[in-house]
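The values are calculated or read from the model by the stated rules, or taken from the named source; none is laboratory data. Note that the coordinates shown come from a computational prediction; the quantities given were computed from them, not determined experimentally. Here the Cβ positions follow ideal geometry from the backbone for every residue, glycine too, while neighbour counts run over all protein chains shown.
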Amino acid sequence: MGKRCFIGLVAALFCHVGMASELADSTWRVESLEQLNTRSDEVLIGWDGRELYFGRLDPTARLESGKRWFLESREDFTSNRLMGWSEFAQPNPTKLMANRFPSWDALGEIQHAAIDSERGVVVLSVWMEDGQFDLFMAQREGGDWSIPRALEALNSPHDEVFPNFYEGDLLFGSDRPGGQGGFDVYRSNRRDLFLEANPLPAPINSVGDELTAVPGGIDSESGFYVSAVRMAGRGGVDLWWMGPSQQASQSEAAILGMEIRHRREPMLNLNVSIRERGGTHVFSGALDGVGRVEVGAITLDAAVEVRFEANGRKERTLPDGAVCHVYEQCEIGSCLDSPWPGWNHIRSYRLDGGEAFVFDLLPLDALGALNRPSDIDLSLLQGDSGTWVGRFESSRASLAGNDLQELIEWLNSYKDLDGHWPKNLKLLIEGHTDGHGDRSDNQDLSIQRAQHVAGIAAQLGVPEDRVQASGLGSAFASGLDHHDRKVIVRWVLD
């Protein structure tokens, strides 16, 4: 993996993955990331909720270099997720550089590293003189790390590679005995002080090789991204998503309806089609005379595309500022005083024009937990949806045009239909930098980035007393420079 270390898990975004204690079972889906996999070996480096970072190596290096294949040079790539959990855009070449802290210098060659920023610890996989990889852990001390200490209870006469964090626990790959075959992914419990490790169940582990796994998100549907050798792959190490199948029956699914309005007037003469991941058709129908359509009881993936057509021609049919209201059918005889009698309003999406938009409707069983009716789309407060992350070019304190427009649209989506900002929420803004350069300069730059976003919020009318901006410098730099140069914006309950 090169002569310098690479941070494998991006700043511990996944330290609170809300999944069941049984991480996997036989009903899980196993899906190849087809847009990313090739005849070369693809090794997962990190995942930040928007972009997947991975390396690509010639498979002959794995055959010729033995264990040192883990340290070979590679080509680095990044790719944005498009829909669902396994559909990604074509990858773009990048260069993943890494921090090198003075306290790590005596360790030698570092294969992979993971930071749990919330708990202030780092775990590194290190090439040892006896020809194997072992795990070391260090704690943050100011802007540096303590001297790493070997995790003696976890290290074995075999290899321990690709550490990552999951709910504060440690995930790593190892070819020790006790797994299903070859390399498997093991989990070590933080509450047990990392004194033992157990292999993850199928289908994450198999008789093939599983080198690394990172959580896909914060909810029970997110599953894991995994680097593994599988019979159904391209012949080497490939990238996979593994997660729960959608098994909800029609009787358990919510019966949904949609209403499209512009300036409070119903949109008419529109045909509506809904597709889930991979373009699978879910529903087609036409808006009625009051701009509504009953979608019915359906099981959808985490994100769906809703497309509109007028008179059979695809065109820019939605004006800017159109609103899609989502309703759930109530029990017979209830919700009769609702704007749509017999239906309960659960979400509203402000649309930006065009012919299609993408939003989430799952998990359906979470809809009942929303406080309804609501002035804002409460689904935006669930998990990562209540957070926006913007990226910066090196040394710049202002967002580029695309990110700036995205921020404006994201902030405006929190206004209610009358244009008011939520009264019960506060906007938290954190500026961050990469780990290069002077620590004091990085602190100043992170503050400038946070203040830049605060200024944009002020221009849009967010009350000043509801905005809190701070800079964290390079305190949580992960080594993925493009990821580290960022601002994190969150709406939180006041």
Just one listed residue, out of Ala197, Ala202, is in contact (Cβ under 8 Å) with a residue 40 or more places away in the chain and in contact with a Lys or Arg (Cβ under 9 Å, 6 or more places away or on another chain), and it is Ala197
- Say whether the condition of being at pLDDT below 80 and over 30 Å from Asp481 (Cβ atoms) is met by at least one residue in the range 384-394. no
Condition set modelled with pLDDT under 75 and of a type in the set (A, V, I, L, M, F, W, C), scope the range 287-301, selection nearest to Trp343 (Cα to Cα): answer is Ala297
Filter the range 51-89 for residues that are in contact with a Lys or Arg (Cβ under 7 Å, 6 or more places away or on another chain) and loosely packed, with under 15 Cβ neighbours inside 10 Å; the one that is farthest from Arg29 (Cα to Cα) is Glu75
* Out of curiosity, is Asp418 part of a loop (DSSP other than H, G, I, E, B) and either modelled with pLDDT of 60 or more or in contact with an Asp or Glu (Cβ under 6 Å, 6 or more places away or on another chain) (or both)? -> yes
Residues in the range 432-447 that are touching a strand residue (DSSP E or B) at 6+ places or on another chain (Cβ under 7 Å) and either among the hydroxyl-bearing types (Ser, Thr, Tyr) or in a helix (DSSP H, G or I) (or both) total 3
Within the range 136-175, restricting to residues that are more than 15 Å from Trp104 (Cα to Cα) and among the charged types (D, E, K, R), the one that is nearest to the chain's Cα centre (by Cα) is Glu167
Within the range 20-38, of all residues that are among the charged types (D, E, K, R) and in a loop (DSSP other than H, G, I, E, B), the one modelled with the lowest pLDDT is Glu22
Against the condition more than 27 Å from Arg391 (Cα to Cα), over 19 Å from the mean Cα position of the chain (by Cα) and not in a helix (DSSP H, G or I), how does Phe70 come out, does it pass? no
The condition from (1) at pLDDT 90 or above; (2) within 29 Å of Ser348 (Cα to Cα); (3) outside any helix (DSSP H, G or I) that Ile408 misses is numbered (3)
request  = Determine whether Pro199 is over 23 Å from the mean Cα position of the chain (by Cα) and either more than 18 Å from Val122 (Cα to Cα) or surrounded by fewer than 21 Cβ atoms within 10 Å (Cβ to Cβ) (or both).
outcome  = yes
